[in-house]
Amino acid sequence: MKKLKLRGKELLKIGFPDGELISLIINTVRKNFKRTDKAEVLHLLEDLLKNPSRYKNDPRLRVITEHLKESGKEKRQGSVETPTIHLEKRVRDYVIYGRENIEQEALDQMESAMRLPITVKGALMADAHSGYGLPIGGVLATSNAVIPFGVGMDIGCRMCLSVYSINPSVINEKKGYLKEILLNNTRFGKKEYFHEKKEHEIMERQEFSRFKYLKSLKDKAYEQLGTSGSGNHFVEFGIVELPEDNDFKIDGGKYMAVLSHSGSRNFGANIAQHYTRVAKSMCKLPKGAVNLAWLDLDTEEGYEYWNAMSLAGDYARANHQIIHRKISEALGETPVLKVENHHNFAWKEKLDDGNEVIVHRKGATPAHINIYGVIPGSMTLPAFIVKGKGNQMSIHSASHGAGRQMSRSRAKQQFSEKVLRDTLAKAGVELIGGGTDEAPMAYKDIYTVMEYQKDLVETVGVFYPKIVRMSSD
């Protein structure tokens with residue numbers, strides 16, 4: 001049977017309203033019903049439109065019923081259409097790091113953000129590229145308002161580094177053993193999860209019972225606890241080099257280490273999508289800026305999102321804690337050093353003038369003075385352990401990585417599997433899973449990115465990847 005393909009006009013004919021719901025349905029059907037007969041699917045959707053409550057607990061169709069519910073709620077609130085909020089005519093000044101290596105679309109998105117009436121200050125990091133709403137690498141300070149797509153889809157995505165007092169020669173001597181540890185103790189993508197019972201205090205948090213929407217996501221969040229996403233998420237063994245006179249009060253030299261990059265999985269993505277729909281219903285913006293819709297923190301919806309975002313960030317941290325604990329137990333070792341940091345998050349902070357703002361760091365690393373973090377490169381280039389310099393021009397921020405210089409689809413077209421494997425072999429890196437969309441050549445040069453932000457962070461150590469595990473999705 002051929003893969004199912006739906007067209008927007010078929011959904012309009014059934015009676016679905018034109019707009020973002022059409023693309024949502026098409027993507028949902030493509031994901032969950034790709035081998036189902038088209039007539040059967042259209043009949044199912046027609047029934048869903050007439051009786052949405054019948055499908056509210058169907059994991060395949062719940063996202064559609066929620067969208068219909070939000071749309072209906074907006075209509076019931078009154079017949080007066082929400083007025084369009086106009087952007088400021090002038091683009092507020094903001095600093096750009098590495099402008100010559102940033103695509104125009106990302107610059108245009110940042111300029112739209114700098115014209116929002118809630119915007120106070122902004123900065124664009126050297127790894128920037130286009131995203132939904134705020135560009136990846138965008139830092140935006142706003143007044144008492146949070147933008148769900150200014151935080152991003154993968155809420156609380158973060159880096160976590162564990163350094164062990166193990167001679168890194170073990171990586172070559174026991175490569176098979178270390179690969180087995182990664183295969184046994186990590187799970188990636190949509191289809192993989194741990195079957196054994198998992199325990200973590202995050203699942204006991206009161207937010208799951210206080211907020212109805214979060215309660216509906218709890219079971220899936222529990223299933224994916226301790227796992228990593230697809231795309232550019234990874235867990236890898238590598239070598240950390242620290243100078244003799246280092247910040248961590250341990251001997252300088254080379255150590256074996258584990259570095260992970262992942263976030264809040266489906267839990268964070270669903271929160272981002274749900275509250276973006278809510279924000280769009282309350283905050284109507286001109287075409288081109290619609291994904292920058294915000295929630296006032298004094299509203300019930302803003303309060304809910306802030307709590308949901310905070311929980312998703314802690315859930316992302318819990319995922320890394322489980323991964324690193326399992327690997328430490330497999331190694332029979334305790335880390336001598338751990339460094340970790342969020343990106344894709346919003347914080348309440350005070351600017352240097354004393355004003356409290358909401359700082360969105362979408363694909364940007366907090367770089368407050370003397371605060372540590374990890375900025376990764378690619379599979380063949382190092383990650384940098386950094387210490388923030390507290391630069392107020394960048395709103396105390398730095399890049400979150402090297403940043404893509406081409407899209408995933410273009411990377412797949414341009415690089416073959418052989419080219420990827422040859423590149424990795426030349427660099428002495430072994431890859432488990434992954435694909436050509438994550439080829440090192442698809443990323444900007446991390447050394448160039450670090451040069452652009454030498455006023456933002458100080459390098460205090462370097463990590464070199466050697467055995468990389470990624471999703472095969």
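Bear in mind that the values in this text are calculations on the coordinates, not laboratory data. Every value quoted in this text rests on a predicted model; they were computed, and no experiment measured them. Cβ: placed from backbone, ideal geometry, glycine included. Neighbour counts: every protein chain shown.
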Residues of the range 448-473 with backbone N under 16 Å of the label point set 7 Å from the Cα of N172 along Cα→Cβ are 464-467
For K220, counting only lysines whose alpha-carbon sits under 24 Å away and dropping same-chain residues fewer than eight positions off, the answer is K31, K34, K56, K69, K190, K191, K197, K198, K212, K326
For H233, H195, ascending order of other Cβ atoms within 10 Å (fewest first) is H195, H233
Taking only the alpha-carbon atoms of the range 8-76, the convex hull volume per residue, in cubic angstrom, is 84
Rounded to the nearest 500, the 222 nm mean residue ellipticity computed for the chain from DSSP H runs (n ≥ 4, each -39500 (n - 2.57)) alone is -11000 deg cm²/dmol
Rg/Rh over Cα atoms for the chain, Kirkwood Rh, comes to 0.97
Net charge near R265 (other residues with Cβ under 9 Å of its Cβ; Lys, Arg +1; Asp, Glu -1) is 0
Tilt, helix 62-76 to longest principal axis of the chain (alpha-carbon atoms), in degrees rounded to tens, equals 50
Per its Cα gyration tensor (rounded if a/c is under 1.5, else prolate when a/b beats b/c, else oblate), the range 380-473 is best filed as prolate
Fewest-first ordering of W294, W347 by Cβ atoms within 10 Å yields W347, W294
Shape call for the range 375-433, from the Cα gyration tensor axes a ≥ b ≥ c (a/c under 1.5 means rounded, otherwise prolate when a/b beats b/c, else oblate), comes out oblate
In whole Hz, the Karplus estimates of ³J(HN,Hα) for the range 318-334 (6.51, -1.76, 1.60; θ = phi - 60°; x where Gly or Pro) are 4, 4, 5, 4, 5, 4, 6, 5, 5, 5, 4, 5, 5, 7, x, 10, 10
For N370, placing the label point 7 angstrom along Cα-to-beta-carbon and taking the range 225-252, residues whose amide nitrogen sits under 12 Å are none
Taking a straight Cα-to-Cα line shorter than 13 Å from K348, and setting aside same-chain aspartates and glutamates fewer than 8 residues away, one finds E356
In whole angstrom, largest first, the equivalent ellipsoid semi-axes that the Cα gyration tensor gives for the range 332-411 are 25, 20, 11
Going from the fewest other Cβ atoms within 10 Å to the most, one would list E349, E204, E329, E304 as E204, E329, E349, E304
